[in-house]
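**Student:** I have a structure I would like to understand better, so I am pasting it below and will then ask my questions one at a time.
Derivation of every value follows stated rules applied to the coordinates shown; laboratory data play no part. This structure is a prediction, so every number in the text was calculated from the model and none was measured. Backbone-built Cβ (ideal geometry, glycine too); neighbour counts: all protein chains shown.
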Amino acid sequence: MPQPAPQELPEIGPRTNSLDILAHGRQQAIKRNLQNTFIVDVDSHIGESGHWPEVMKFLENDATREAAFTFGGGTGQGAFLNDMPGLQWQGVHGRIPHAAGLKEPVEGSDLPKPVVLSRRAMDALSLDYQVFFPNGLLFLGMHPVKEMEVELATAYNRWLVEHVLPHEPRMQAMLYLPFNSPAAAEATIKRFLGARGVCGFLVTSTRYQPVHANEYMRVYAMLEEAGVPIGFHAHHNWHNEYTKQLNRFISMHALSFVLSNLVHLTNWVINGMPVRFPKLKTIWIESGLAWVPFLMQRLDHEYLMRRSEAPLLKRLPSEYMREMFYTSQPMEAQNMKLLEGTFEAIDAPNQLLYASDWPHWDFDVPSAIWDLPFLNDQARRNILGLNAARLFNLPVPARYRQMAAE
Amino acid sequence: MKEIFVAAEADIPEGGRKVIAAEGVEVGVFRIDGTLKAWRNECPHQGGPVCQGRVMKGVEERLDDERRSLGIHYKDGSLHVICPWHGYEFDIRTGRHTGLDRIRLSSHPVSVRDGAIYVGIHG
């Protein structure tokens, strides 16, 4: 004594810079040479949260727009949203600080804050692209005012396309389809198809509309013809008659994120949507993976006994499901044998898409895929990025293919 | 085993901690029950910076004599560190995950000499 003080690492809190929160992600990327791997994150939520007043400026109905700025003490914060309380439980009551929303400062930049935050996450995790999804709008399909879904979704889509995406080509988005109004969903596709950074369209799964309803056939035909995928993004719903019985967030979250996609995917397959729209690519987002082999087995088992109720199908339900895409997060990795079996069941080397879900509480870093002991190198590269490149027609720089070959 | 300097002994009071990076290693040193514990700042789950997370009491669910729930309450005397990435929660005394014993933090030897705290690292 005295001795030179070593570098001290502070407690991570709600305002910590993403680069510091994810510093270990950066270290993992360097250790694994992930700069030599093309990585696409097919589920990021650095979205509209915290920027809602900015989104509200894109409302097209001036009466609604002016009314929006009477909310939040005149700031427009939270205007017209139908958030459920569940969203604020995600951080386990302060135990996971970033889950309350990234509150870090971004001084010194004229760019929209989501662009700065996205760049930080992409740089930390060695990502080439991030595909964006909303946060609070994941509940919007349950809005009691049907027309409000159309108005808010259009404002959100415009905010992304006009205000955010033009700044950063690595940012992509699947735009919100106001699915409760099929005509408005069709108009959304017509209006935004081909816009820079728009790589697909999204159905938020927390809603009570059956996806096989005849009113949606034109929506699916338009997407099939355009060659862009449709995604079904799960979310929680603590207000459904079943989930109301669950007294802990862990219980509701574990079931609810799967339940909506279980219902939608069952309707999708049994009503023969893959037969009606064979070229339409579907992505099932943020339900984890363990539910997929469960549903495959259930549907195959009953299909063979009740074929008369699914006459459009020519093959086992699981065979159609093997041709769909799934995002990886939150990947249940506590039992490697089961996970390996799941990867085999869903044809993961060709159909699985890495997803971080950053900055949500159960996000996965790329090493969660990279380190899986049963994957070969090509499967790892496919899942981390090349499957997404094929699905979204994203350009893969030649250097990656060369590096992989070496 | 190489030793690296962490802090003056007075810099980590009871219930306190210091997380340092040196020689390519990150270590969190905590003082609890008057004893120093050193844990590697790497969560066994996905490698998050566990020692930089919140330090707080654990909780318990209390039951009455008829095993009816009395709700969730802080557990007196407990002290946990919680990985800020995903909430994996570890007992600072043992380094064990509070819900599954076999998930453990990696420990480092700690020593105190001449009023200074050191931790041992391989390398």
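**Student:** Report the relative contact order of segment B:2-121, percent, no decimals, based on alpha-carbon pairs under 8 angstrom and at least 6 residues apart.
**Tutor:** In percent, rounded to a whole number, it is 27.
**Student:** A further question follows. If a helix is a whole DSSP H run, which ones in chain A reach 27 Å or further along their own axis (Cα) and hold a mean Kyte-Doolittle hydropathy of at least -1.0?
**Tutor:** Span-like helices in chain A: A:249-270.
**Student:** Just tell me which lysines come within less than 20 Å, Cα to Cα, of B:Lys75; anything on the same chain fewer than 8 places away is out.
**Tutor:** Partners found: B:Lys57.
**Student:** Tell me, in nm to one decimal, what length is gained between A:Ala213 and A:Ile250 on full extension, where the rule is 0.36 nm per residue of separation less the Cα-Cα distance?
**Tutor:** 10.1 nm
**Student:** Shifting gears a bit: Are there trypsin sites (Lys or Arg not before Pro) in segment A:249-304 that DSSP marks as loop and that have at most 11 other Cβ atoms within 10 Å, and which are they?
**Tutor:** Sparse-neighbourhood loop trypsin sites (Lys or Arg not before Pro): A:Lys279.
**Student:** Further question: How about segment A:42-145: which trypsin sites (Lys or Arg not before Pro) there lie in a loop by DSSP and see at most 12 other Cβ atoms within 10 Å?
**Tutor:** For trypsin sites (Lys or Arg not before Pro) across segment A:42-145 that sit outside H, G, I, E and B with at most 12 neighbouring Cβ atoms in 10 Å, the list reads A:Lys103.
**Student:** Still on this structure, I have one more. Suppose each label sits 7 Å from its Cα in the direction of the beta carbon; what would the B:Ser106-A:Arg390 distance come out to in nanometres?
**Tutor:** With each label placed 7 Å out from Cα toward Cβ, I get 3.7 nm.
**Student:** Something else about it: On alpha-carbon atoms, Rg over Rh for segment A:232-363 using Kirkwood Rh?
**Tutor:** Looking at segment A:232-363, the ratio lands at 0.97.
**Student:** At 222 nm, what value in deg cm²/dmol follows for chain A if DSSP H runs of at least 4 each add -39500 (n - 2.57) and the sum is divided by all its residues, to the nearest 500?
**Tutor:** So the helix-based figure for chain A works out to -10500 deg cm²/dmol.
**Student:** Residue by residue through segment A:307-313, which ³J(HN,Hα) values in whole Hz follow from phi under the Karplus form 6.51 cos²θ - 1.76 cosθ + 1.60 (θ = phi - 60°), with glycine and proline marked x?
**Tutor:** For segment A:307-313, the Karplus curve yields 4, 5, 8, 9, x, 6, 7 Hz.
**Student:** Let me ask another. For A:Asp43, enumerate residues with amide H under 5 Å from its amide H, sequence gap 5+ or separate chain, H modeled in the peptide plane.
**Tutor:** It is A:Val131, A:Ser356, A:Asp357, by chain and number.
**Student:** Same structure again: So who's got an amide H within less than 5 Å of the one on A:Ser205, skipping anything under 5 residues away but keeping other chains? H placed 1.01 Å off N, in plane.
**Tutor:** Hits under the 5 Å cutoff: A:His233, A:Ala234, A:His235.
**Student:** Could you give me the ³J(HN,Hα) list for segment B:91-96, computed from phi with Karplus coefficients 6.51, -1.76, 1.60 and θ = phi - 60°, whole Hz, x at Gly and Pro?
**Tutor:** 6, 5, 5, 10, x, 9
**Student:** Test of understanding: express the Cα radius of gyration of segment A:203-291 as a ratio to 2.2 N^0.38 Å, with N the residue count.
**Tutor:** The value comes to 1.17.
**Student:** While we're here: What are the semi-axes of the equivalent ellipsoid of segment B:2-121, taken as the square roots of 5 times the eigenvalues of the Cα gyration tensor, listed largest first and rounded to whole Å?
**Tutor:** After scaling each eigenvalue by five and taking roots: 30, 16, 10 Å.
**Student:** Moving to a separate point now. Please identify the GluC sites (Glu not before Pro) of segment A:23-117 that satisfy two criteria: DSSP loop assignment and at most 16 other Cβ atoms within 10 Å. Which are they?
**Tutor:** When the GluC sites (Glu not before Pro) of segment A:23-117 are filtered for loop state and at most 16 Cβ neighbours within 10 Å, A:Glu60, A:Glu107 remain.
**Student:** To continue, here is another question. Order by neighbour count: B:Lys18, A:Lys31, A:Lys337, fewest other Cβ atoms within 10 Å first, most last.
**Tutor:** The order, fewest Cβ neighbours first, is A:Lys337, A:Lys31, B:Lys18.
**Student:** What longest region of chain B stays clear of GluC sites (Glu not before Pro) that DSSP places outside H, G, I, E and B and that have at most 14 other Cβ atoms within 10 Å?
**Tutor:** Here the longest run is B:67-123.
**Student:** Once fully extended, how much extra length lies between A:Glu60 and A:Asn82, figured as 0.36 nm per residue of separation less the alpha-carbon to alpha-carbon distance?
**Tutor:** Here the segment from A:Glu60 to A:Asn82 would lengthen by 6.0 nm.
**Student:** Taking A:Lys279 as the anchor, which lysines have their alpha carbon closer than 29 Å to its alpha carbon, excluding any fewer than eight residues away along the same chain?
**Tutor:** Correct list for A:Lys279: A:Lys190, A:Lys314.
**Student:** Something else now. For the protein assembly as shown, just run the numbers: alpha carbon Rg, then divide by 2.2 N^0.38 Å, N being how many residues it has.
**Tutor:** Compactness ratio reported: 1.03.
**Student:** What list of ³J(HN,Hα) values in whole Hz, one per residue of segment A:349-357 in order, does the Karplus curve 6.51 cos²θ - 1.76 cosθ + 1.60 (θ = phi - 60°) give from phi, with Gly and Pro shown as x?
**Tutor:** Each residue's phi maps through the Karplus curve to give x, 10, 10, 8, 10, 4, 9, 8, 6 Hz.
**Student:** Once you have the Cα-Cα distance between A:Asn376 and A:Tyr242, take 0.36 nm times their residue separation minus that, and quote the gain in nm to one decimal.
**Tutor:** Result: 44.2 nm gained on full extension.
**Student:** If you average the C-alpha positions of segment B:67-123 and of segment A:319-365 separately, how far apart do those two centres end up, in angstrom?
**Tutor:** 31 Å
**Student:** Among B:Pro44, B:Leu100, B:Val81, pick out the residue whose Cα is farthest towards the positive end of the charge dipole of segment B:2-121, where Lys and Arg carry +1 and Asp and Glu carry -1 on C-beta, about the Cα centre.
**Tutor:** So the residue furthest toward the plus end is B:Pro44.
**Student:** Only Cα pairs within less than 10 Å get springs; with that Gaussian network setup on chain A, which residue of A:Pro144, A:Pro274, A:Pro53 has the largest fluctuation?
**Tutor:** Greatest mean-square fluctuation among the candidates belongs to A:Pro144.
**Student:** At a Förster distance of 45 Å, what's the computed FRET efficiency of A:Arg298 paired with A:Asn36, Cβ-Cβ distance as r, to 0.05?
**Tutor:** For R0 = 45 Å, the calculated efficiency reads 0.65.
**Student:** What residues qualify as long-range amide H neighbours of B:Ile32, i.e. H under 5 Å apart, gap of 5 or more or another chain, H built at 1.01 Å from N?
**Tutor:** B:Gly15, B:Lys37
**Student:** If you don't mind, another one. What is the calculated FRET efficiency for A:Ala67 to A:Arg276, with r their C-beta to C-beta distance and R₀ = 41 Å, to the nearest 0.05?
**Tutor:** 0.50
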